[in-house]
Amino acid sequence: MARLGMLIDLRTCIGCHACSVACKAEFDVPLGNFRDTVKYVEEGAYPKVTRHFIPVLCNHCEDAPCLSACPTGAVVRLDDGQVTIEDGDCNLNRACMAACPYDAIYVDEDRGAAAKCTFCDHRTAEGRQPACVDACPTNCRVFGDLDDPESEIAVRAAANDVTVWKESAGTRPKVLYVDPKNALPLIEEQGVQVDTTADLSGEPA
Amino acid sequence: MTVAWGPLLAAYVVLVGLPTGLTLMTWWVGRSGASVRLERIGAWGALVALVAISVLLVADLGRPERFHLMLVRFDNLASPISWGAKLIALKILLLLLVVHAVERRRPPDRPLPRLTKVVAVLLLAVSFALALYPAALLARSWASPLAGGAGVLFVLTALLMGAAVVVLLGGEGRTALLGLLAASAVALAVEALALAGRPGDRLLLAELTTGGSAPLFWGVAVGAGLLLPAAGLLTLPRNRVVTALCAVAVLAGAAATRYLLFAVGS
Amino acid sequence: MSTWTLTRRDLLRAAAVAGVGAAGLGGIEVVHRMTTEPRAAGKTVGAVRRVASMCQMCTTACGIIANVKDGRLLTIEGNPADPNSRGAVCAKGVAGPSILYDPSRLLYPLRRVGRRGEGRWRRITWDEAYTEIADRLRAIRESGRPEEFAFQQGRNRSTDIVARFLDAFGTPSAFNHRALCSLNRRAAILTTIGDSDWDLGDYENSRYILNFGSNWAEAHQGHIPVATRMMRARERGAKIVTFDARLSNTAALSDEWYAVRPGTDGLIALAISNVICQEGLWDREWFDRWTNYPAEKYAEHVRAYTPEMAQAESGVPAEAIRRIAREFAGATPRCTTICNRGSAAHRNGFHNDRAITVLNALVGNMGEEGGWCWHPMSAWDKKALPEPGPIAPKPTARSLIAEAKDWPLANAWQSNKMRVGEIVYLWIKQRRQRISALMTYNCDQAWAWPEANLVREVLADEDLVPFHVCLDVMASETSNLADIILPWTTYLERWDIDSRPPQGLVDYVGLRQPVVPPLGESKDLREIFPELARRIGGGMEHYFPWATQEEYFEQYFAPVPGGFGHMREAGVHVDPAKKPNYLPYEKELTAEELEGTRTEDGVIHGPDGAIGVMVDGTARRGFGTPSRKVEVHSQFVNDRGREADRTISPLPVYEPIPGHREQLAQGRLIMISFKWNVHNAHRTLQSKWLQEISHTNPAWLNPATASGLGLAHGDWIEVTSYRPIDPEVPRGDGSQLGSLRTRVHLTEGIHPQVIAIAHNAGRTTGGPVASNGRDRAVLVGHEPPDHGRVWWAGSLSVAQNDILPIYPDPVSGQQAYHDTMVTVRRIEGGA
């Protein structure tokens, strides 16, 4: 039994969204719903200003609020620690969504169930990488067994200062970030789902 | 952040106080000699309200045809909703029994006092659990950290709602109502103190007291729900109209408090 | 005390009720189990075919592997065998299925009914389409004026077949978009080193990268191959400094970003050069040996460009310029520049890029590992892989528009077809060249061209363009103005031989092949052109002798070990014997090469021109310039200029954009455009997945500028543009051009004198995904698109190009995209 996790090195994320689209393609995620995306955050004042790129997804928390919130047992933890949702057991009471501090779960109208990132358990079972990891052009994402000291993820986690998103939520995420510019606190109030109401309207008022 | 629960759930959280309070208050008022009328109304009222609320709860599901999963699955007893659904089912069953017993025209042959007692106690316990349960439900949601200390408020508002209905139906609930109002005021103050302690919570408190929720909080929850009825009941204790109006105000105030507990965090 | 009691019978009844209830629920549970398992998506059962091919979502053409099951494309991933992309792809690449299965795709040929542009169509057969087009073209060809058939291409990765058809037809009127893209950069590099028109810095091995307005993280022609190498360099501690008017993603990824006033990049490079010369940080020995201009004299030339002057013009602090000069020179030879449209797409872009290129010569990093490098081949090795014959002769007819002689450097180099795309429709309107038939291929000039409204006006005029065929994957602003629309295959349904300038400095060749059969009745040029040639006849058909496309490529790839079969499997081929193109100029000429040559002023001439240069008594290959050295001083461009009555400085200089200083003083702003990483041209707007990420384009403004104009975030504004004040530019009278209405996006990441508008928006056709719900048309014979889930319907989406003046750099013809002056004023409510 492994303890699967992901490490995202923000130093080499170029914000390209290959991960976001690969995830869409892998699961045909409906428009308006997101399992994985990249947050863009500007910080600073002209001319000392930068933009951070922060890929976000379900953290497959060690202490997963969604798991304990689900009244029907649809949210389950797989042997290697991934937290997934069994479509057939979900009656869409949305307790998991209300419980997740990362807003990582959405109502999938096509599947008629709550849905979220699965750490691509269908791919990893075949020895492949999750779709987002495979798609990342700069290899800023590393996936593997956090308990195996030989694994690349464990080596890189040990070699760098790693942190997690919303540590104060106390869920012990298994998505780790190398974040030397301290970007994660800037998205403390955000979740994985994209705010689809934030656009400026093109209709004259 | 997505708001997972909408108006139906809000209505549920508000209304679930009614059957709970009704059962508990009927029992409380009836301790020293229950009246058939009060018990009948209490049992029927709670049953009807609970069934109606169950319908709300099922309708809120994205897959209502799978509502039963909450009742038949025991894999996750850490889930408040799992408990809540089962408690509601159990209470409906118990209320059916009581209604059946109350409605029986002739005296029962070979009554079983112990069984009666067990059912009564069970009913009270389940009702009390249902009174507290919204606090557990909301405590699990990132959207409503208010709920952390709100168990007492949920119980008190449920009791207030029950007491108000009892009073409206002509029962003797005035003293109970005044006591509950005082207790609620204290509980609200304690909750406010607790919220003022942490930065994130302070924002919520500000939203409640000076933000968009302020009119509902001060006007309905505190003003109509606590101050007005307390003043009315204390100054004009014998006036039936005033008492009835106070009861209605209490109902509105309790409902507002419960709604705010649900909504202010999101 | 309760008034009620219970009996045993009550209890039994209750138990019965509970039991029946539980059994009922259990029953539902069992049925539910049976009907809902299994339905999990993403689980792949059975055989998935992995087809190697090449991407064409943008111009970078990365190697891809398509995962296909039961004839349906599931997903796309990178092909690790591709030496450029090395298995990496971007969001656009991964989004392939959304383009292939775009519900708004064109699937059947359409013939216009009613007026042109009215939007009424009739579905026709391919036979009808072929007949009408062939009849029209045959008449033109037989009239003896083949140049009246014009071919407008956008992104063309099928250059072999396009050239073959046009040459066989005999028309020179092949219009490309080079001047809208990279002309100045290519001209500057060709002028300076001659070997290539494309720099390929060895970024991965570099320690210091100076980036002048290139946005490799989002849009550069080498996009992912460059970005991945930059990130590897970064991991090894390389420093990246970016000059850009806007905080692009590249700027954000750099160690330092300097907001520059548009059009001053060259001056910054000259000031850096000045510091390097003044402080003796140069590689003087290399410069004197390998350039055609003495270092001492170049130092003198750049002495006027002080860091203080650069600061005053560009806004970059003089101290930063000094420090960067020291750091850059200190890292040599493992340092390099990179530049692109930020420096080149200006009225002075040719000189900007010249100054930047020469900066490398100054520190002697040219051709070095980790330095500023290039490769003589911009595609595959065409000697090793010649085009299958018979090859049609080049046309003898002339095209005034294609030659564009007003711009001396546009077509100054034989090997480069650098057409001045932005003047094509103006010149058609001015009737400088008669067009009897126009074929548009993978291009949306009616939306993408500067003064796109002028393009639309010309295309709508049946007098100016009597016959217009548009070949594209989906409906566009341009196809709306066609007589016949031909449904084109996506890049996932067709064949190509392709490769890009090799970022690894070793050339390679790739194959694009259909990963699924074409949808509907869509067809590729490779099927259309041979058929048209047969129907036009008159000898054209002889140039298309193969029976199938496979047969053609079998022949083409025959020289590759394993041939076509190997290419179909691997998708790409690299000759393992070839070495990276480091220090190619140092290569000593062999006795065999020197046979029959003569040496004149140190330059060694063979029978077909110069082949080398004597350096310190040794015959070396040198550079591909007339002097066989780095031409810091170019007599060639000076002469070309004189022929066209234009003064082109032989040395890199800074020429301020005419009118900028005065207009900036009046409070006008410079309007620039930019590209988001998930978009390329009009076609990426068809992807629901890419549009979901980026679909809106409010105008970027610095908060300081906005507050000066009384503007807040989200406010509606009217942006009014002006033509250049520039006698060397057509209609350069400074008059008002046009206005657009948009809304304000406040950001600290932009120069205060600049307003930036993303160009990937503003389409009104192509279906709901592309047009933010505006296009509600249903094309005859096609399925109505689903508007339901396009959550960005109604979001702001504004076409910028209508107010972008046609503004060719007088030297080269490069469109000066980033020099437009505008005024901005607040308007109420946008109505």
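The values are calculated or read from the model by the stated rules, or taken from the named source; none is laboratory data. Given the structure is predicted, the values throughout are model-derived calculations rather than measurements. So basically every Cβ, Gly included, is an ideal-geometry build from the backbone, and we count neighbours across all protein chains shown.
Of all the numbered requirements in (1) under 14 Å from B:A120 (Cα atoms); (2) modelled with pLDDT of 90 or more; (3) buried (at least 20 other Cβ atoms within 10 Å of the Cβ), B:G42 misses one, and that requirement is (2).
Being within 12 Å of chain A (Cβ to nearest Cβ), surrounded by fewer than 20 Cβ atoms within 10 Å (Cβ to Cβ), without any contact (Cβ under 8 Å) to a residue 40 or more places away in the chain and closer than 30 Å to A:T196 by Cα narrows it down to one residue among B:L8, B:L61, B:L77; which is it?
Working: B:L8 fails: without any contact (Cβ under 8 Å) to a residue 40 or more places away in the chain; B:L77 fails: closer than 30 Å to A:T196 by Cα.
Exactly one residue qualifies, and that residue is B:L61.
For the range C:769-784, the set of residues classified as within 13 Å of chain A (Cβ to nearest Cβ) and surrounded by fewer than 23 Cβ atoms within 10 Å (Cβ to Cβ) consists of C:G773, C:R774, listed by residue number.
Counted as qualifying within the range C:599-715 are the strands (runs of 3 or more DSSP E) with 1 or more residues that are away from every other protein chain (no Cβ under 13 Å) and without any contact (Cβ under 8 Å) to a residue 40 or more places away in the chain, namely C:603-606, C:609-615, C:618-620. When you scan the range A:5-18, do you find a residue that is at pLDDT below 95 and either more than 7 Å from every other protein chain (Cβ to nearest Cβ) or surrounded by fewer than 24 Cβ atoms within 10 Å (Cβ to Cβ) (or both), even just one? No, the range A:5-18 contains no residue that is at pLDDT below 95 and either more than 7 Å from every other protein chain (Cβ to nearest Cβ) or surrounded by fewer than 24 Cβ atoms within 10 Å (Cβ to Cβ) (or both). Restricting attention to the range C:345-392 and to residues that are touching a Pro at 6+ places or on another chain (Cβ under 8 Å) and among the basic types (K, R), the residue that is nearest to C:A410 (Cα to Cα) turns out to be C:R347.
So which helices (runs of 4 or more DSSP H) are wholly in the range C:277-360 and hold at least 2 residues that are within 30 Å of C:A665 (Cα to Cα) and assigned by TED's automatic domain parsing to the domain that holds C:V260? Steps first, please.
Working: elements: C:284-290, C:295-302, C:307-314, C:318-330, C:341-344.
Counting at least 2 such residues, we get C:295-302, C:307-314, C:318-330, C:341-344.
If you filter the range C:716-747 down to residues that are facing another protein chain (nearest Cβ under 9 Å) and not in a loop (DSSP other than H, G, I, E, B), you find that the one that is surrounded by the fewest Cβ atoms within 10 Å (Cβ to Cβ) is C:R741.
This table checks each residue for (1) more than 22 Å from C:L267 (Cα to Cα); (2) touching an Asp or Glu at 6+ places or on another chain (Cβ under 6 Å); (3) assigned to a loop (DSSP other than H, G, I, E, B).
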site: C:I161; (1), (2), (3): yes, no, no
site: C:T171; (1), (2), (3): yes, yes, yes
site: C:R186; (1), (2), (3): no, yes, no
site: C:G201; (1), (2), (3): no, no, yes
site: C:L210; (1), (2), (3): no, no, no
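Kindly indicate whether any position in the range B:63-83 is closer than 20 Å to B:V121 by Cα, hydrophobic (A, V, I, L, M, F, W, C) and in a helix (DSSP H, G or I). Step through it out loud before you land on a result.
Of all residues in the range B:63-83, those closer than 20 Å to B:V121 by Cα come to B:83.
Among the residues that remain, those that are also hydrophobic (A, V, I, L, M, F, W, C) are: B:83.
Among the residues that remain, those that are also in a helix (DSSP H, G or I) are: B:83.
So far as the range B:63-83 goes, yes, one or more of its residues are closer than 20 Å to B:V121 by Cα, hydrophobic (A, V, I, L, M, F, W, C) and in a helix (DSSP H, G or I).
Applying the condition of being farther than 16 Å from A:P101 by Cα and of a type in the set (G, A, S) to the range B:126-143 and asking which residue is nearest to the other protein chains (Cβ to nearest Cβ) yields B:A136. Tallying residues that are more than 11 Å from chain B (Cβ to nearest Cβ) and surrounded by fewer than 18 Cβ atoms within 10 Å (Cβ to Cβ) within the range A:165-186 yields 8.
Of everything in the range A:121-153, what is in a loop (DSSP other than H, G, I, E, B) and within 24 Å of C:I76 (Cβ to Cβ)? Give them in sequence order. Quick ask: steps written out before the conclusion?
Here is the first cut: in the range A:121-153, the residues in a loop (DSSP other than H, G, I, E, B) are A:125-130, A:136-140, A:146-151.
Answer for the range A:121-153, where residues must be in a loop (DSSP other than H, G, I, E, B) and within 24 Å of C:I76 (Cβ to Cβ): A:A125, A:E126, A:G127, A:R128, A:Q129, A:P130, A:C136, A:P137, A:T138, A:N139, A:C140.
Can you tell which of A:A169, A:A158, A:A154, A:A183 is under 26 Å from C:A252 (Cα atoms) and of a type in the set (A, V, I, L, M)? Walk me through it before giving the result.
Values: A:A169 fails: under 26 Å from C:A252 (Cα atoms); A:A158 fails: under 26 Å from C:A252 (Cα atoms); A:A154 fails: under 26 Å from C:A252 (Cα atoms).
Going through A:A169, A:A158, A:A154, A:A183 in turn, the sole match is A:A183.
Residue pairs whose Cβ atoms lie under 6 Å apart, separated by 6 or more positions or on different chains, with the first residue in the range C:217-232 and free of Cβ contacts under 8 Å to residues at least 24 places away in the same chain and the second of a type in the set (S, T, N, Q), are C:M231/A:T12; C:M231/A:T138. Scoring A:D28 on the criteria (1) facing another protein chain (nearest Cβ under 9 Å); (2) touching a residue at least 60 places away in the same chain (Cβ under 8 Å); (3) within 22 Å of C:H745 (Cβ to Cβ) leaves a single failure, condition (3). Selection of the range B:4-32 for residues being more than 22 Å from B:L90 (Cα to Cα) and in contact with a Pro (Cβ under 7 Å, 6 or more places away or on another chain) yields an empty set. A count restricted to the range A:34-66 and to residues that are without any contact (Cβ under 8 Å) to a residue 60 or more places away in the chain, surrounded by fewer than 22 Cβ atoms within 10 Å (Cβ to Cβ) and outside any strand (DSSP E or B) stands at 2.
Scanning the range C:506-517 for any residue that is within 21 Å of C:M57 (Cβ to Cβ), in contact with a Leu (Cβ under 6 Å, 6 or more places away or on another chain) and surrounded by fewer than 18 Cβ atoms within 10 Å (Cβ to Cβ) turns up nothing.
Does the range A:32-54 contain any residue that is under 16 Å from C:L690 (Cα atoms) and at the interface with another protein chain (Cβ under 7 Å from one of its Cβ atoms)? There is at least one residue in the range A:32-54 that is under 16 Å from C:L690 (Cα atoms) and at the interface with another protein chain (Cβ under 7 Å from one of its Cβ atoms). Examine the range C:302-310 for a residue that is out of contact with any Asp or Glu (no Cβ under 6 Å at 6 or more places or on another chain) and closer than 26 Å to C:L583 by Cα, and state whether such a residue exists. Scanning the range C:302-310 turns up no residue that is out of contact with any Asp or Glu (no Cβ under 6 Å at 6 or more places or on another chain) and closer than 26 Å to C:L583 by Cα.
Of all residues in the range C:242-262, exactly one satisfies the criterion of being in a loop (DSSP other than H, G, I, E, B), at the interface with chain A (Cβ under 10 Å from one of its Cβ atoms), over 18 Å from C:R207 (Cβ atoms) and out of contact with any Gly (no Cβ under 6 Å at 6 or more places or on another chain), namely C:S248. Can you list residue pairs whose Cβ atoms sit under 6 Å apart, with the first residue in the range B:190-216 being surrounded by 12 or more Cβ atoms within 10 Å (Cβ to Cβ) and the second being of a type in the set (D, E) and part of a helix (DSSP H, G or I)? Count only pairs 6 or more apart in sequence or on different chains. Between residues of the range B:190-216 that are surrounded by 12 or more Cβ atoms within 10 Å (Cβ to Cβ) and residues that are of a type in the set (D, E) and part of a helix (DSSP H, G or I), the close pairs are B:L195/B:D201; B:S213/B:E207. Counting residues in the range C:438-453 that are farther than 19 Å from C:H682 by Cα, part of a loop (DSSP other than H, G, I, E, B) and either among the small types (G, A, S) or more than 20 Å from the chain's Cα centre (by Cα) (or both) gives zero.
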